[in-house]
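Structure first, then comments.
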Amino acid sequence: MLDIIIAILYGAVQGITEFLPISSSGHLVVLHEVFVLPLTDEVAFDVVLHLGSLVALLGFFYSDIIKYLRAFVRSFFDWQVATDSSERLSWFLFIGTIPAALAGYFFETQIETIFRSTTIVASMLIGVGVLLYLVDRFAAKSKTIEQVTLHSALLVGVAQALALVPGVSRSGITIVAGLTQKLNRANAARFSFLLSIPIVFGAGIKKVLDLSTVMIGADELIVLVTGFVSAAIVGYLCIKYFLLFLQRHSLAVFAYYRIALGIIILLFL
């Protein structure tokens, strides 16, 4: 029973921290140090939690996914990218995915091995937290997602590649990049989430295939499924209310949280 409760906790932490700009991988690294589950492979559990986050993304942005997929296919027949905002944005999302896809393909294993430490997580939490505060405080925030340019999409895409380092936060660094391009907070977050879908989906499929040979017992399977469901439900709710929150509030609270958590981790280390 205790393992189930801890699995729910892991899933909830993943669902919240994947979409808030506070780093899911960083929190999971720390959580594994505090709450130990009787698992053969902790990485497999983290993969399942991320798949739960993917389900949350697909569920929340289902209509947008269908809209932009149709626009992308349609563009091959009429090429109205200059005048059709849906076609244009579908291509920008595709192009913006490339930097993170290349970084993940060539460097993910090395990055996970070299940078998977609590010291680096704490440093990244603090550093990106300071950056988040400064950019949110001083950047102009006047554009919507329909006004994203190719340059902006590429910049946010490169920022997404940096999120491979634990503690950086995919949503955190891409929202920062979006704000530097004058997107308002809610639209910067929305573009960040849409841009993350292909990467999260591709990475999830790759890791599932990598783990296909791992033997999982019945007790472990229950823990994995519990974490998956928890991450999916909490993640969906987090996306919904985070986007509503950003319509009226700044990101300062998340910057403060990152900095405080990073300092606490360093002090305990």
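The values are calculated or read from the model by the stated rules, or taken from the named source; none is laboratory data. All values derive from a computational prediction rather than experimental measurement. With ideal geometry, Cβ positions are generated from the backbone for all residues, glycine too; neighbour counts draw on all protein chains shown.
The table for this structure:
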| read-out | value |
| --- | --- |
| Unique residue being in contact with an Asp or Glu (Cβ under 6 Å, 6 or more places away or on another chain) and either exposed (fewer than 15 other Cβ atoms within 10 Å of the Cβ) or in a helix (DSSP H, G or I) (or both) when the list is S63, S75, S86, S90 | S75 |
| Any pair with Cβ under 9 angstrom, 6 or more apart, that starts in region 74-86 at a residue that is closer than 14 Å to L150 by Cα and ends at one that is among the charged types (D, E, K, R) and assigned to a loop (DSSP other than H, G, I, E, B) | none |
| Scope region 173-192; condition among the β-branched types (V, I, T), surrounded by 22 or more Cβ atoms within 10 Å (Cβ to Cβ) and in contact (Cβ under 8 Å) with a residue 24 or more places away in the chain; matching residues | I173, I175, V176 |
| Residue, surrounded by the most Cβ atoms within 10 Å (Cβ to Cβ), within region 16-38, restricted to residues that are part of a helix (DSSP H, G or I) and among the β-branched types (V, I, T) | T17 |
| Looking only at region 227-268, and only at residues there that are in a loop (DSSP other than H, G, I, E, B) and in contact with a helix residue (DSSP H, G or I) (Cβ under 6 Å, 6 or more places away or on another chain), the one that is nearest to L28 (Cα to Cα) | L251 |
| Test: residue in region 31-45 that is out of contact with any strand residue (DSSP E or B) (no Cβ under 9 Å at 6 or more places or on another chain), more than 29 Å from S117 (Cβ to Cβ) and without any contact (Cβ under 8 Å) to a residue 12 or more places away in the chain | no |
| Residue list for region 119-172, restricted to those being among the small types (G, A, S), more than 28 Å from W91 (Cα to Cα) and buried (at least 24 other Cβ atoms within 10 Å of the Cβ) | A122, G129, G167 |
| Filter pass, A56 being touching a residue at least 40 places away in the same chain (Cβ under 8 Å), in a helix (DSSP H, G or I), under 30 Å from F268 (Cα atoms) and not β-branched (V, I, T) | no |
| Condition met for L221 (surrounded by fewer than 21 Cβ atoms within 10 Å (Cβ to Cβ), out of contact with any Asp or Glu (no Cβ under 6 Å at 6 or more places or on another chain), among the aliphatic types (A, V, I, L, M) and at pLDDT below 95) | yes |
| Of all residues making up region 235-262, the number that are of a type in the set (A, V, I, L, M), surrounded by 14 or more Cβ atoms within 10 Å (Cβ to Cβ) and either at pLDDT below 95 or under 25 Å from I145 (Cβ atoms) (or both) | 7 |
| Matching entry among V13, V48 (being out of contact with any strand residue (DSSP E or B) (no Cβ under 9 Å at 6 or more places or on another chain), free of Cβ contacts under 8 Å to residues at least 40 places away in the same chain and surrounded by 15 or more Cβ atoms within 10 Å (Cβ to Cβ)) | V13 |
| First in region 194-209 and over 16 Å from L102 (Cα atoms), second anywhere and in a helix (DSSP H, G or I) and not acidic (D, E), Cβ under 7 Å, 6 or more apart | L194/L93; V208/V47 |
